[in-house]
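Each reported figure results from applying straightforward, stated rules to the coordinates on display, with no laboratory input. It should be emphasised that the depicted structure is a prediction, and the values quoted were computed from it without experimental measurement. Heads up, the Cβs are rebuilt from the backbone with ideal geometry, glycines too, and the neighbour counts pull from every protein chain shown.
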Amino acid sequence: MRNAIEIGNDFIVTTDNSGGIGEKPGDLVAVPDRVTAYFAARVALLEQWAGHAEPVTILIHNFSGNASWEKYVAGVTDVFHEVGLEVPAISGSTETNMELVQSAMAVTMIGNRQKPPLIEEVAWFTYGTPLVGHEVLERKGEVASLRLLKDAWASGMIHRLWPIGSSGILQEVRKMTGEENAEVETVLEKTKSAGPATVVLVAIPADKITEAEAFFGAMLNKIEIIN
């Protein structure tokens with residue numbers, strides 16, 4: 001799996017952080033705290049799914065001050081409402097002794113891992129466009145939809161997924177396959193950051209490809225992985 005830690009008894013931990021993005025005057029990207037938390041939670045949830053797990057507990061690590069806590073909780077909640085899941089218990093802590101000049105926060109999820117079905121023949125595709133910074137908000141229609149991914153997962157249209165982060169498609173493929181010299185052929189920029197997982201690799205069973213292409217539309221693109 002991706003950036004996940006197994007802690008025993010079929011539980012895994014995933015996390016994502018954000019710095020310099022929020023409502024403070026010193027932030028490099030000015031967005032509502034709620035949006036910052038939404039995208040951090042989005043990445044942590046996708047990494048849970050990459051490990052075939054569903055989150056049961058969420059921790060928010062807030063370094064932005066008391067005023068940001070409820071906004072961060074709201075952003076995390078938005079993610080689960082979007083995909084139609086019950087919001088797990090949320091806890092965490094807030095730094096109140098030191099006031100930072102930039103926003104900083106992280107979302108950690110603990111999830112229960114399920115055994116994936118055995119499917120031998122799959123094809124890999126990218127879903128979404130690599131976007132980072134202000135592009136994420138300006139080109140929202142090109143961001144991989146959590147709701148579509150969840151629905152495709154539930155229907156068996158997706159066998160496996162792997163979120164793409166700041167290292168880009170090529171490096172994430174190398175992490176996923178364990179092949180340091182793996183190469184990819186894709187219509188997308190393979191070294192560009194995908195920010196908060198605006199692109200997701202999806203493995204689609206051979207007999208579901210036509211259905212998936214109709215379901216996801218133009219943002220689904222075949223990728224060739226060369227080991």
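How large is log10 I(q)/I(0) at q = 0.24 Å⁻¹ when the Debye formula is applied to the Cα atoms of the stretch 4-113, each weighted equally and without solvent? The calculated log intensity ratios at q = 0.24 Å⁻¹ are -1.24. Expressed to the nearest 5 percent, the antiparallel share of DSSP beta bridges inside the stretch 4-113 is 75 percent. Between Ile226 and Ser166, the FRET efficiency from the beta-carbon distance, with R0 = 22 Å, is close to 0.45. When all alpha carbon pairs of the chain are counted in 10 Å bins from zero, the resulting P(r) reads 8, 33, 37, 18, 4, 0 %.
Holding the Cα-Cα limit at 26 Å, pick out from Lys24/Lys150; Lys71/Lys192; Lys71/Lys190; Lys71/Lys140; Lys150/Lys175; Lys115/Lys140 the pairs that are longer than that. Checking Cα-Cα distances, Lys24/Lys150; Lys71/Lys192; Lys71/Lys190; Lys115/Lys140 exceed 26 Å. Coupling constants for the stretch 33-39 follow from the phi torsions by the Karplus curve (6.51 cos²θ - 1.76 cosθ + 1.60, θ = phi - 60°), and in residue order they are 4, 4, 5, 4, 5, 4, 6 Hz; glycine and proline get x. When you count the other C-beta atoms within 10 angstrom of each residue and take the mean per peptide, 97-108, 31-42 line up highest first as 31-42, 97-108.
Using θ = phi - 60° in the Karplus curve 6.51 cos²θ - 1.76 cosθ + 1.60, the 3J(HN,Hα) couplings for the stretch 210-227 round to 4, 5, 5, 4, 6, 6, 8, x, 5, 7, 8, 10, 5, 10, 9, 9, 10, 8 Hz; x is entered for Gly and Pro. GNM remark for the chain: springs join alpha carbons under 10 Å apart, and the peak mean-square fluctuation among Val56, Val73, Val143 falls on Val56. Normalising the average separation of contacting C-alpha pairs (under 8 angstrom, six or more residues apart) by the number of residues puts the relative contact order of the chain at 23 percent. The HN-Hα couplings worked out from phi for the stretch 106-113 by the Karplus form 6.51 cos²θ - 1.76 cosθ + 1.60 (θ = phi - 60°) are 8, 10, 10, 10, 10, x, 9, 7 Hz, whole numbers, x standing for Gly and Pro.
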